[in-house]
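The values are calculated or read from the model by the stated rules, or taken from the named source; none is laboratory data. Please read these numbers as outputs of a predicted model, since none were measured by experiment. A quick note on method: Cβ atoms are made from the backbone with ideal geometry, for glycine too, and the neighbour counts reach across all protein chains shown. The accessibility values were calculated without ligands, DNA or RNA, using every heavy atom of the protein model including side chains. Shrake-Rupley method; radii C 1.70, N 1.55, O 1.52, S 1.80 Å.
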There are 2 protein chains.
Amino acid sequence: MSLKTEQSTRAQRSIALTSVREWEQGTVNQVQDYLAVEEPLEIRIGDVPVSVTMRTPGQDLELVAGFLFSEGIISGRAELKGLEAVATATAGNVVRAELEKQGSVVAQNLRRNFFAASSCGICGKATIDSLRVRGINAPNDDFKIAADLLCGLPEKLRESQAIFHRTGGLHAAAAFTSTGELLVEREDIGRHNAVDKVIGWALLNDHIPLSDCVLMVSGRGGFEIVQKALVAGVPVLASVSAPSSLAVQTARELGMTLVGFLRGRRFIVYSGEQRIC
Amino acid sequence: MSLKTEQSTRAQRSIALTSVREWEQGTVNQVQDYLAVEEPLEIRIGDVPVSVTMRTPGQDLELVAGFLFSEGIISGRAELKGLEAVATATAGNVVRAELEKQGSVVAQNLRRNFFAASSCGICGKATIDSLRVRGINAPNDDFKIAADLLCGLPEKLRESQAIFHRTGGLHAAAAFTSTGELLVEREDIGRHNAVDKVIGWALLNDHIPLSDCVLMVSGRGGFEIVQKALVAGVPVLASVSAPSSLAVQTARELGMTLVGFLRGRRFIVYSGEQRIC
């Protein structure tokens, strides 16, 4: 069996075609199937590799910009002096970022989350406190969205998921305005990466903070998704699925609206109901 | 709004009860909702913290044992000399492992994956090669499972998911025998953690390799899930959802059976069809 990656365009590089066996009611057929591509991406700051993440190729520069920002390694666009795919033997799987303050500052930042949490014990409360230490504030309280409009967002997200339709295997994240207009939609095999790509798009297009947006995600709303949304200044985070206890606690303590189980004409508001009208 | 964690039993510590607003067809109700608990867990080797993972409390020792084994930090039960929850101010969120070979060996192991991949470029092929470098072999080729029996596993998994039924927010992983008997089922907010808990259970109960089992997972089958299953010697990995390109490529090259979209009376076989009869 062969596994070929289409390489003619960036979008197609996200999809691989392969031959598989389909079993249905006792009958077996050989069929062609599209797979979501997963490949490692090495992130370098200057010449120093700082992370290897498994991701779906496409919008890699946005992914790295979003990762650096949402993880607190940079605090804004101005600190990002350069961003480029590195020409290696396996071209396209290494991205190099040049930062304003490189070196020791980088090392400190990478360790900061851990020490912030461990200095007062490992628990949810300490994890939330570490966000406050990073200077993350409550998002825009003037933003409102109509409940009816919110109910329409999952369908809009599905319609925009070009790759998911062919593979069934990708997570999506999208930013919508208060009138339901789609600003940007990104897909990835990893939930966090899809969110980082949206945030990276915003950072590179001078749209940070995302204070006039709903961030809609296809998967579950865990702590790390809430954290990334808060860093980007998102006032409303909506998901079709369940949030975790720590996601809810974090959204409540830092004043973000958190919506879950957004399906059909029903949803659950876990925090910040004043933004839904 | 309050967020209370039930603490009377270990199972209940996985669930938190909270008050939320339910919006349905324009009507808003205040209701009580169960959330899957998410809390950080610090893993220490001796006195050295090596990882902080966000997980659902419960079976923490299994999670740590499974993590150490599936990530290649230990190669078997015999190397694990001790495993205990550490009494801290936030009791229950720190687990300490004592290894046969501690210190520099640990540091080398933690870095090994990265260097193995980067020595020949960052790409899917190098990632698969790094598994071979770790000495991971093809799983048991004598194991067979009937297609009809395979079709019944998702329902058995759902029935065993005690916490999911109350929260809708957890991933599950389970090991079944070739006759469909459930050996062990574990749940977690993180897909990888659910798999690590199953593998940790197997390690601590002298059931490694899991060479006579199907590993069934509730989520997508990405590379890291395939890698963990291969390390544990699992011959058949089945998922209700889509695998990634790298998951398929890895399963093919290392000889594991990979089944996806296992729903109702239909499934897709991506590799190793000889084990399905």
Q. Just a yes or no: is a residue in region A:199-209 within 30 Å of B:Gln30 (Cα to Cα) and outside any strand (DSSP E or B)?
A. no
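Taking the residues in region A:30-44 that are assigned to a strand (DSSP E or B) and among the charged types (D, E, K, R) as candidates, determine which candidate is farthest from the other protein chains (Cβ to nearest Cβ). Let's see the steps before the verdict.
Start the filter on region A:30-44 by keeping residues that are assigned to a strand (DSSP E or B), which leaves A:30-36, A:39-44.
Narrowing the set further to residues that are among the charged types (D, E, K, R) leaves A:33, A:39, A:42, A:44.
Details: A:Asp33: 7, A:Glu39: 5, A:Glu42: 5, A:Arg44: 10 Å.
Checked region A:30-44; the qualifying residue farthest from the other protein chains (Cβ to nearest Cβ) is A:Arg44.
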Q: Could you check B:Ser241 against (1) in contact (Cβ under 8 Å) with a residue 12 or more places away in the chain; (2) open to solvent by less than 30 Å² (accessible area, probe 1.4 Å); (3) assigned to a strand (DSSP E or B) and say which number it fails?
A: (3)
Q: Find the residue count for region A:197-227, including only residues that are open to solvent by 10 Å² or more (accessible area, probe 1.4 Å), modelled with pLDDT of 95 or more and among the basic types (Lys, Arg).
A: 0
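Against the definition (in contact (Cβ under 8 Å) with a residue 40 or more places away in the chain, open to solvent by less than 10 Å² (accessible area, probe 1.4 Å) and of a type outside the set (Gly, Ala, Ser)), how does A:Val64 come out, yes or no?
Taking the combined requirement at face value, the residue satisfies it.
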Q | Residues of region A:21-55 classified as open to solvent by less than 70 Å² (accessible area, probe 1.4 Å) and out of contact with any strand residue (DSSP E or B) (no Cβ under 9 Å at 6 or more places or on another chain), total | A | 1
Q: Determine the pairs where a residue that is more than 24 Å from B:Gly221 (Cβ to Cβ) and modelled with pLDDT of 90 or more, located within region A:150-172, has a partner that is open to solvent by 80 Å² or more (accessible area, probe 1.4 Å) and part of a loop (DSSP other than H, G, I, E, B) with Cβ atoms under 7 Å apart, the partner being 6 or more residues away or on another chain.
A: A:Cys151/A:Arg265
Q) Out of all the residues in region A:257-277, which are more than 7 Å from chain B (Cβ to nearest Cβ), out of contact with any Gly (no Cβ under 9 Å at 6 or more places or on another chain) and either farther than 16 Å from A:Leu157 by Cα or open to solvent by 40 Å² or more (accessible area, probe 1.4 Å) (or both)? A) A:Arg263, A:Gly264, A:Gln274, A:Arg275, A:Ile276, A:Cys277
